[in-house]
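The values are calculated or read from the model by the stated rules, or taken from the named source; none is laboratory data. The structure displayed is predicted, hence computed values, not measured ones. Heads up, the Cβs are rebuilt from the backbone with ideal geometry, glycines too, and the neighbour counts pull from every protein chain shown.
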Amino acid sequence: MNENVLAPTALPASKSSWLHRYANPGRFLRLARPCLPWLTAFSLILTITGLIWGYYFAPADWEQGDAARIMYVHVPAAWVAMAGYAALALASFFSLIWRHPLADIAAEEIGPVGAGFTFVCLVSGALWGKPMWGAYWVWDARLTSVLVLFFLYLGHIALIRAFDNPQHGHRAAAILALVGAVNLPIIVFSVQWWNTLHQGNTISISGGSKIYVTMLYPLLIASLGFYLTFITLVVARMSASIMEKKTRNLLLAEAERS
Amino acid sequence: MTLFNTSQFSSFINGSYAVSVVFLVGVSILTLTRYRAATKRLAQAESTKT
């Protein structure tokens, strides 16, 4: 394959720009190390609180009964799955345009974590669907678009590792991630664009949420916990990846010297 | 507040929470193990260099 096709020249960026300053893996590592224990603590507290509140103490839904408790894992997992893909697309954009080494590392580490959250969303959704709809799975627009999101994550994970030259893998996977980002608005608006079995949006940022506060609070706490868990996992994986690369470079330099 | 005890849906609810907890605990352990191993190997490589 032509080298120039997969490795185009990066756009120049000012050295003083914040993008360049924070794209330095060494600086990221220095910033991440002290933050990780705090991130871990807050993730644990919020996730455990949200899940226990939703499982034991939140009221049953007037229509769906106790099955609505699945919402406290299903909805946060779905939100994180979509936010994770948005972050993946953003990292891919930075990787393609400015060739940030940190963006490539971020994209590589977001993929498996995001795929995991999407898997949890699909499984918990299927377990909610069976008692409510009488079927684990229907080819509904919302369900199908989330399944496509899961396949996009898997495709990204596979593609990034499919080339002998890692840079080619990152370029190809970044293009896939950016093209796949078109699926995000489809997931969000699928319940409005098509007549779906999946219920419509219950929570709205602009107001008018159709959920009572005794159910909203545990849902928001669990969601915040899942978001923080996602961030913690990605930051820890990125830090580990940077350290692994640094170790490899040190050992190679040592081997060349000797 | 009501306390959730038993329900005709309990197997589905328990299954959903089990999948989530197993995933969260599993991925956290794997990440922690990788992070600690990377930290240890880097420290060893840096001490060898010096």
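When residues in segment A:235-258 are screened for being surrounded by 20 or more Cβ atoms within 10 Å (Cβ to Cβ) and more than 9 Å from every other protein chain (Cβ to nearest Cβ), 2 of them pass. Take residue A:88 and decide whether it is crowded, with 16+ Cβ neighbours inside 10 Å, farther than 30 Å from residue A:160 by Cα and at pLDDT 95 or above. No: the conditions fail for residue A:88. Every test in (1) within 25 Å of residue B:25 (Cβ to Cβ); (2) at pLDDT below 95 is passed by residue A:135 save one, and that test is (1). Taking the numbered list (1) over 18 Å from the mean Cα position of the chain (by Cα); (2) surrounded by 18 or more Cβ atoms within 10 Å (Cβ to Cβ) in turn, residue A:202 passes all entries but (2). Has segment A:98-110 got at least one residue that is surrounded by fewer than 20 Cβ atoms within 10 Å (Cβ to Cβ), within 14 Å of chain B (Cβ to nearest Cβ) and in a helix (DSSP H, G or I)? No, because not a single residue in segment A:98-110 is surrounded by fewer than 20 Cβ atoms within 10 Å (Cβ to Cβ), within 14 Å of chain B (Cβ to nearest Cβ) and in a helix (DSSP H, G or I).
Here's the yes/no breakdown for (1) surrounded by fewer than 19 Cβ atoms within 10 Å (Cβ to Cβ); (2) free of Cβ contacts under 8 Å to residues at least 60 places away in the same chain; (3) in contact with a strand residue (DSSP E or B) (Cβ under 6 Å, 6 or more places away or on another chain):
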{"residue": "A:54", "(1), (2), (3)": "no, no, no"}
{"residue": "A:61", "(1), (2), (3)": "yes, no, no"}
{"residue": "A:96", "(1), (2), (3)": "no, no, no"}
{"residue": "A:117", "(1), (2), (3)": "no, no, no"}
{"residue": "A:138", "(1), (2), (3)": "yes, yes, no"}
{"residue": "A:141", "(1), (2), (3)": "no, yes, no"}
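Restricted to segment A:220-233, and to residues there that are surrounded by fewer than 23 Cβ atoms within 10 Å (Cβ to Cβ) and hydrophobic (A, V, I, L, M, F, W, C), the residue that is farthest from the other protein chains (Cβ to nearest Cβ) is A:220. The combined condition, being out of contact with any Gly (no Cβ under 6 Å at 6 or more places or on another chain) and either under 30 Å from residue B:45 (Cα atoms) or part of a helix (DSSP H, G or I) (or both), is not fulfilled by residue A:199.
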